[in-house]
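Asks: Input: one structure, supplied below.
The values are calculated or read from the model by the stated rules, or taken from the named source; none is laboratory data. This structure is a prediction, so every number in the text was calculated from the model and none was measured. Cβ placement follows ideal geometry from the backbone for every residue including glycine, while neighbour counts extend to all protein chains displayed.
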Amino acid sequence: MAAANAAARAGAEVVLVDGEPTLGGQYYRGTPQRVDPAVEHLAESAVWAMEGLRLHIRTGAADSPHRTGTVVDADAVVLATGAHDRVVPFPGWDLPGVYTAGAAQTLAKSQGIAVGARVVVSGTGPFLLPVAESLVKVGARVLGVCEANSGTGWLRHPRAANPGKMAELAHYAGMLLKLRVPLWRKTAVVAAHGTDRVTAVTIARLNPDWTIRATRRIEVDAVCVGHGFTPRLELAVAAGCALKDGFVAVDERGATSVPGVYAAGEITGIGGADLAAAEGEVAGAAAAGSESTKSLTGARRFAAALADAHPIKPGWQTWLTPETLVCRCEEVTYQALCAATDLDAAGVRTLKLTSRVGLGLCQGRMCGRNATELAATRLDQAFFDEAALHRRPIATPIRLSELAETPLEPQEDP
Amino acid sequence: MKVTIDGVEHTVEPGQTVAGALLRLGRISWRTTRNADRPRGVFCGIGVCFDCLVEVNGVPDVRACQRLLVDGDAVGTS
Amino acid sequence: MGLPDVVVVGAGVIGAACAEALSAAGLRVTVLDRGPLAAGTSAAGEGNVLVSDKEPGPELDLALASLARWPELLDRVGHDVEWDPKGGLVVATGDPSLLAGFAAHQRAAGVDARLIGPAEAFEREPQLTRRVTTAVHYPQDAQLQPVLATTALLDAVRKRGGVLRPGVTALGFGPDGVRTSDGVVPCGAVVNACGPWSGAVSRALGAPIDIQPRRGMVLVTAPMPHTVRHKVYDADYVGAVASGDADLQTSTVVESTAAGTVLIGSSRERVGFDESIRVRVLRELARKAVALFPGLADVPVMRAYGGFRPYAPDHLPVIGADPRVPGLWHATGHEGAGIGLAPATGALLAELLTGARPHVDPQPFRVDRPGVLA
């Protein structure tokens, strides 16, 4: 939204392609938003393919075969595709009743639904706190929030001076106290139990590398997990944008390595909603040939400090048993992944096609990073190309009949 | 709005997703996996994991967490 | 004179089959690849083991020889590679006489090609369009999962004491061996099995050959109940394979995989090594697939993948010694048929290299034929 507004203010003709029926994305879900009236808002729309600066769009009810196909030729594109929760696998994580933290948040905010009555939230990062708050608001009892890292180091981090953001986090921490939700540091859910739904979890006290020190078991009917975020890079990769450290590489104006393609928000680095909006404003203005006076330095510094304080430590790999699923779609177990690494499957394609990991409907969105990290631990030499993990030239599924009649060129306005 | 879920008629509010309606009915899983026949429902909730698939108006492979119900929809779970 | 140690450059299915055959013959083999194992062309195809698409001639002879070898080879290496002798079904919706004539021609060359009417075609493929006028059933056509097959062959090489070195680039070849990005690997012979990159590698090894890439795209649907039983082709497939036109050509190939997905191929374009997606190509594939199987209309496509198929100017594989550089051998140029042709190619190369009697006539594939030496 910020990019669209900035570009419209700079005088550009702007189309905002939005997967949701209403404005606001994941963060403002449930809170009505507005954009500049000059912006054409294409709701319930997905860019399913990019050919240079040509966008192929389907508009209509999610996954319906009756969506409308349009083609837009842009002079500039700002990608702000965001991120989804990363969840590292553990025994039982495929049981119904185990949700991502983002799922719990979305169901609470947009559907008013509590995913359970007795819930544990587990993972790492400040995002777990608002999730716990949302759960309580819709009537769940949150037994505790497990933070795998020590989770306080960043407060003393010299780069973390950002009063506004600190106040927001302090608000959530205070809220948890008020709601009597305990925050358990250096702790994680390392197994979920049950036959056809989760009935209990094993909570472990962790060493600094996330290996297990001691465990206890508690009864729950839902668990919400989030170990940071995975940027949604398929369109950036399809556009040919260079990546750096797992995110889209951008300059201070949000320009990527591809002329005319800009990027903003979580795909350029996990930084939260305020930073994303600021980046959107800068990139939107740049895409429209203008310039924003917004400075991103302070917010980026704070985001980096937060990220430093919430790393994913390799000890999670010791939580798995041979039977633990690594890939949920294709039901590939850790054991099966190991059989592939025994055959020296050291590239993304080779690993996928020897183990079937990442070949299902989610196309490795949930498991790609986990699978390559697990494999890399077991290989002498790995060639896991970052872009190959996100190469999905069909960015979202399209029905064969839709593809068969999809327009190839922009249609003239009547 | 009136919709049917597995042939049974239900009244839902506008703005509800298929997943929202199923969860309100107390169903936390509605699909089984192809190989191990294991139950699945919502996992990511934002259209990424494809665990929550249902059939809507005879069309399979619809993400329940993404699809907003409209009057007259017929939802089928497997 | 003893047999030389051999370096095979290229860890795709052709390099793997050569290395497997050479190591089975008792040679010491090292396989190099600049990237990971089985990650190029072999990871970007459907896994075709076909006789149906080939006109009578040397390539068909090689295909028939390969077909006979695949099952025993798979027994020998002992991995499940999703081998499925499902048979092919080529269908025509226009003039039935062209297809019937082609099949009769193939039959004379030893292919089991059975002309069947529309009724039997629908019995074999209930979802097939009713517009079919005639069909040919090819019981010999089979499918396997190419990356599993390649890694299985390489595993056999490893178990016989061969060395696999992914991530090592071949830079040159001299009397002391192959010069690589990681030192010299001593050897008496080197095999260039680099598929579409064979042209560039042949230059590095001192004797350029003309091998070009042709791009092919395949669509993959979401997993679904098993509805397509054979490899089903539109009858115009044959024309596309044999042609050198740069323009886009698509002809429908629809089949199910062990994982429940349906593969829809395949396009052929000469675009160099350009990897970018072309919606026009995907749309063409989708159109033809829906025309052949109207029931697939509502199935979601979840993936499209593309790869580069290596071809020589005369569209025949290049297998044999390079007359210009002693010790340099080539095994490349199999276009989209490398999976199917791999076992006979590996065996033929090993026979020529060890001086054994070749099991197929090597003359048509020799390196110094017109147009191949660059």
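Asks: Taking A:Asp63 as the residue in question, decide whether it is charged (D, E, K, R) and closer than 30 Å to A:Thr372 by Cα.
Replies: Numbers: charged (D, E, K, R): yes; closer than 30 Å to A:Thr372 by Cα: yes.
For A:Asp63, the condition - charged (D, E, K, R) and closer than 30 Å to A:Thr372 by Cα - is met.
Asks: Right, here's the next one. I'd like to know if the range C:330-352 contains one or more residues that are touching a residue at least 60 places away in the same chain (Cβ under 8 Å), among the hydrophobic types (A, V, I, L, M, F, W, C) and not in a helix (DSSP H, G or I).
Replies: yes
Asks: When you check C:Ala121 against the structure, is it away from chain A (no Cβ under 14 Å), farther than 24 Å from C:Asp33 by Cα, crowded, with 16+ Cβ neighbours inside 10 Å and in contact with a Gly (Cβ under 8 Å, 6 or more places away or on another chain), yes or no?
Replies: no
Asks: Now for a different question. Please specify each residue of the range B:27-40 satisfying the condition of being within 8 Å of chain A (Cβ to nearest Cβ) and in a strand (DSSP E or B).
Replies: The answer is B:Pro39, B:Arg40.
Asks: Right, something else. Can you name the residue in the range B:41-78 that is in a loop (DSSP other than H, G, I, E, B), within 9 Å of chain A (Cβ to nearest Cβ) and aliphatic (A, V, I, L, M) and is also farthest from A:Val223 (Cα to Cα) among such residues?
Replies: Applying the filter and picking the extreme gives B:Val70.
Asks: How about the range C:132-170: which of its residues are away from chain A (no Cβ under 14 Å) and touching a helix residue (DSSP H, G or I) at 6+ places or on another chain (Cβ under 8 Å)?
Replies: Those that are away from chain A (no Cβ under 14 Å) and touching a helix residue (DSSP H, G or I) at 6+ places or on another chain (Cβ under 8 Å): C:Val132, C:Thr133, C:Thr134, C:Ala135, C:Val136, C:His137, C:Gln140, C:Ala142, C:Arg160, C:Gly161, C:Ala170.
Asks: Could we say that A:Leu53 is surrounded by fewer than 24 Cβ atoms within 10 Å (Cβ to Cβ), under 26 Å from B:Leu53 (Cβ atoms), more than 14 Å from chain B (Cβ to nearest Cβ) and out of contact with any Lys or Arg (no Cβ under 8 Å at 6 or more places or on another chain) here?
Replies: No.
Asks: Let me ask something additional. Here are the criteria: (1) over 26 Å from A:Met366 (Cα atoms); (2) at pLDDT below 95. Tell me which single one B:Asp6 does not satisfy.
Replies: Of everything listed in (1) over 26 Å from A:Met366 (Cα atoms); (2) at pLDDT below 95, B:Asp6 misses just condition (2).
Asks: Scan the range A:186-230 for residues that are part of a strand (DSSP E or B) and either without any contact (Cβ under 8 Å) to a residue 24 or more places away in the chain or of a type in the set (Gly, Ala, Ser) (or both) and report the count.
Replies: 12
Asks: Is there a residue being of a type outside the set (D, E, K, R) and more than 14 Å from chain B (Cβ to nearest Cβ) anywhere in the range A:111-120?
Replies: Scanning the range A:111-120 turns up at least one residue that is of a type outside the set (D, E, K, R) and more than 14 Å from chain B (Cβ to nearest Cβ).
Asks: Out of the residues in the range A:395-414 that are aliphatic (A, V, I, L, M) and farther than 19 Å from C:Thr250 by Cα, state the one that is farthest from the other protein chains (Cβ to nearest Cβ).
Replies: A:Ala395
Asks: How do the pairs read when you match residues in the range A:75-97 that are over 16 Å from B:Val48 (Cβ atoms) with residues anywhere that are of a type in the set (Phe, Trp, Tyr), using Cβ under 8 Å and keeping only pairs 6 or more apart or on different chains?
Replies: Note: pairs meeting the criteria are A:Ala76/A:Tyr262; A:Val77/A:Tyr262; A:Val78/A:Tyr262; A:Leu79/A:Tyr262; A:Phe90/A:Trp316; A:Phe90/A:Trp319; A:Pro91/A:Trp319.
Asks: On to the next question. Among the residues of the range A:231-250, which ones are of a type in the set (D, E, K, R), in a loop (DSSP other than H, G, I, E, B) and modelled with pLDDT of 95 or more? Spell out the reasoning first.
Replies: Of all residues in the range A:231-250, those of a type in the set (D, E, K, R) come to A:232, A:234, A:244-245.
Next cut, in a loop (DSSP other than H, G, I, E, B) only: A:232, A:245.
Listed by number, the list holds a single entry, A:Arg232.
Asks: Among the residues that make up the range A:369-379, is at least one of them among the hydroxyl-bearing types (Ser, Thr, Tyr) and crowded, with 23+ Cβ neighbours inside 10 Å?
Replies: yes
Asks: Right, another one. I need the full set of residues from the range C:156-175 which are among the hydrophobic types (A, V, I, L, M, F, W, C) and surrounded by fewer than 13 Cβ atoms within 10 Å (Cβ to Cβ), in order please.
Replies: Within the range C:156-175, none qualify.
Table: residues versus (1) within 30 Å of C:Asp361 (Cβ to Cβ); (2) outside any helix (DSSP H, G or I); (3) more than 7 Å from chain A (Cβ to nearest Cβ); (4) more than 16 Å from the chain's Cα centre (by Cα).
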position: C:Ala259; (1), (2), (3), (4): no, yes, no, yes
position: C:Ser266; (1), (2), (3), (4): yes, yes, yes, no
position: C:Arg283; (1), (2), (3), (4): no, no, no, yes
position: C:Arg287; (1), (2), (3), (4): no, no, no, yes
position: C:Asp298; (1), (2), (3), (4): no, yes, no, yes
position: C:Ala304; (1), (2), (3), (4): no, yes, no, yes
position: C:Phe308; (1), (2), (3), (4): yes, yes, yes, no
position: C:His315; (1), (2), (3), (4): yes, yes, yes, no
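This table checks each residue for (1) surrounded by fewer than 23 Cβ atoms within 10 Å (Cβ to Cβ); (2) β-branched (Val, Ile, Thr); (3) in contact with a Pro (Cβ under 7 Å, 6 or more places away or on another chain).
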| position | (1), (2), (3) |
| --- | --- |
| C:Gly177 | yes, no, yes |
| C:Thr180 | yes, yes, no |
| C:Gly183 | yes, no, no |
| C:Cys187 | yes, no, yes |
| C:Ala200 | yes, no, no |
| C:Ala204 | yes, no, no |
| C:Met224 | yes, no, no |
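Asks: Does A:Gly69 meet the test of being without any contact (Cβ under 8 Å) to a residue 40 or more places away in the chain, more than 7 Å from chain B (Cβ to nearest Cβ) and over 23 Å from A:Pro130 (Cβ atoms)? Before you say what the answer is, go through the steps one by one.
Replies: Values: without any contact (Cβ under 8 Å) to a residue 40 or more places away in the chain: no; more than 7 Å from chain B (Cβ to nearest Cβ): yes; over 23 Å from A:Pro130 (Cβ atoms): yes.
Criteria not met by A:Gly69.
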